[in-house]
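Here's the structure, in structure tokens; my notes come after.
Just so it is clear, none of the values below were taken in a lab; they were calculated from the coordinates. Note that the structure is a prediction, hence the values are computed from the model and not measured. As a convention, Cβ positions derive from the backbone with ideal geometry for all residues, glycine included, and neighbour counts pool all protein chains shown.
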Amino acid sequence: MRVLVTGMIAGMDDESYINQVLQMGQDQGLEISYHNLISALESTGGKKLDRLLGTTNYLFEVLREREYRKIGFELEANKVTNAIVRAPSTIEWKHVNIKLKDHKEIAHFIRPDVVVTLIDAEWFIQERMHDAQKRDEFFQRVKQHNFSIREILSWMDEEVSLSEDWAAHLNVRHYVIPIGQNPDSLFKLVKHERVPSFYVSYSMTHSDPQARVVVDETIARLNKYGLVIDPQAIEIGSNFDNQRDKEVTFSYTVHRDLHWFVGKVDAVVAIHPYAQRPPMSTGMMDELGHARDYHKRRYMIYPPTNLSPFTTDSYIEQGHIFMNVEEFFLCLEAEGFKPLGA
């Protein structure tokens with residue numbers, strides 16, 4: 001499969017993440033061709049990214065189109081089946097968000113089967129930007145810019161939004177994957193042609209150790225069936241410099257979980273292995289409500305027998321509430337879901 005990987009090119013350890021995916025391919029005897037648009041641009045003309053961004057928009061676009069075509073020709077010449085093409089969809093430069101409007105070249109020459117946008121926690125990105133060790137001018141400019149939390153989240157949002165547009169133009173799926181997740185999440189999309197996707201919803205604020213074991217074991221088992229988006233893979237900030245940073249972080253956290261995660265998967269699996277307390281979290285109920293509105297499949301592992309009519313007739317479809325984990329997986333397989341490769 002060909003996977004187009006987008007995401008911010010500053011403040012994320014995406015190179016390490018992708019290298020781990022490539023290593024997984026080597027370990028399993030799966031050849032994965034890797035192409036990085038920015039590296040190709042810098043190596044062809046001997047000009048670093050800051051110089052390229054300093055040209056006119058027209059010239060920068062022409063140079064990008066040339067590299068996309070070269071990548072496409074190489075994929076075809078070598079009859080490549082499995083490939084990762086890493087490219088940003090936007091770049092923040094001198095306070096301007098430059099949008100790389102390359103969807104036509106991508107559609108004609110790269111022809112990806114799926115688009116993935118890699119993301120990370122905004123505070124973690126900010127720390128990496130401040131500690132940038134790379135000597136080239138682009139990363140030093142990013143460091144000097146001293147991006148605020150709001151600016152980082154805005155850049156990330158633009159990256160996701162334009163990637164969505166690319167995927168819509170290409171008529172392929174678009175996923176947003178935190179790099180805090182196991183690289184196997186991306187590897188599955190390269191290896192398998194059709195990968196079911198799930199978002200797991202559970203209480204992260206209140207959880208006793210025994211219940212957390214059930215949650216983690218369920219997620220590990222579900223990972224065998226497809227791509228699982230786990231909200232714990234991206235850690236929300238807790239130490240805020242000001243009220244504005246807190247407010248914008250909370251807003252984007254809700255936006256991310258409901259639209260970037262719930263809105264893109266095939267199904268939402270709510271895991272609440274408590275017979276009594278704590279009550280279901282507001283986040284879980286909101287996610288299930290949005291899943292219903294998005295017409296997603298919805299499953300819930302929930303022991304109590306005295307269920308609310310709002311749970312059984314509104315949030316969850318009939319026959320999709322289970323007393324235990326085994327019941328859930330029996331239902332999943334009865335509906336046609338199988339472990340990948342089975």
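Structure above, values below:
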| item | result |
| --- | --- |
| Nearest-20 debye value, the chain charge dipole, Cβ charges on Lys, Arg, Asp, Glu | 760 |
| Ranked 224, 188, 94, criterion: other C-beta atoms within 10 Å, fewest first | 94, 224, 188 |
| 30, 53 arranged by Cβ crowding within 10 Å, fewest neighbours leading | 30, 53 |
| Segment 156-213: C-alpha pair distances exceeding 16 Å, % | 63 |
| DSSP loop chymotrypsin sites (Phe, Trp or Tyr not before Pro) with at most 16 other Cβ within 10 Å: longest gap in the chain | 1-239 |
| Packing-based exposure ordering (other Cβ within 10 Å, fewest first) of 176, 80, 215 | 80, 215, 176 |
| Under DSSP loop assignment and at most 14 Cβ neighbours within 10 Å, longest GluC sites (Glu not before Pro)-free interval of the chain | 32-192 |
| Centroid-to-centroid separation of segment 232-278 and segment 13-70 [C-alpha atoms, Å] | 32 |
| Rg to Rh quotient for segment 196-342, alpha carbon positions, Kirkwood Rh | 0.97 |
| Cut-off under 5 Å, modelled amide H: who pairs with residue 3 long-range | 83, 84, 85, 113 |
| Hull-based mean projected area of segment 198-268, where the convex hull spans the alpha carbons, in square nanometres | 5.3 |
| For the chain, with +1 on Lys and Arg beta carbons and -1 on Asp and Glu, the positive-most of 175, 44, 98 along the dipole | 44 |
| Kirkwood hydrodynamic radius over Cα pairs of the chain, then Stokes diffusion coefficient at 20 °C and 1.002 mPa s, in µm²/s | 100 |
| Cα-based radius of gyration of segment 1-194 once divided by 2.2 N^0.38 Å, which approximates compact folds | 0.98 |
